[in-house]
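Beneath this line is the structure, given in structure tokens, with notes to follow.
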Amino acid sequence: MRIRILTTCALVLSLCATGLRADDALPPAWQLGPALEAYDNHDGPKMTGEHLRRCEQLDYDGRRVEKIMNERKGAFAAVGRRLDRIDADLDRRRATLDNRDGPAVDAFNRVVAEQQQLVDEFNARLPAFNEAVHEYNELVDRFNEDCVGRAYMQREWWELRMQRDR
């Protein structure tokens, strides 16, 4: 029973971590504000030069960290599915386990040991995942604060993107 509780606690910790804003995506560039052909027709805040470069960098960094975070999240999901199968196996075995049958108890304990290895693997991955969630959330906050709702010249944004892709 102790191992099952550890598994549940580890999964709950992961869900808490992902519940922050890990599923939120950075807004695409067109949500920053109007992509303008000319500034003449816009009264609101604008981005040019270094400000636009910083926002493009935040957008790029956010997408990079989001990819890392989602890869780690996928690894958790795979371990979680394996743990679910082992939990179901242990439940079936427990229902009919004869505690006086040494080989049956040994077989049950091998499955419990496998489950514990998966819990350990899950818990070992958790700090790196939480770090990626934290970094992603910081980037989203900075992007939202500095960039969202500001107009920019679409041509300038794509020039920055093309420079990065070279």
Can you work out the base-10 log of I(q)/I(0) for segment 112-166 at q = 0.12, 0.16, 0.17, 0.21 1/Å, using the Debye formula on its C-alpha atoms alone? -0.56, -0.72, -0.75, -0.89
For segment 45-152, the spread of Cα positions along each principal axis, largest first, Å: 77, 19, 15
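The numbers here are math on the coordinates, done by the rules we state, and not lab data. For clarity, every value in this text was computed on a predicted model and none was experimentally measured.
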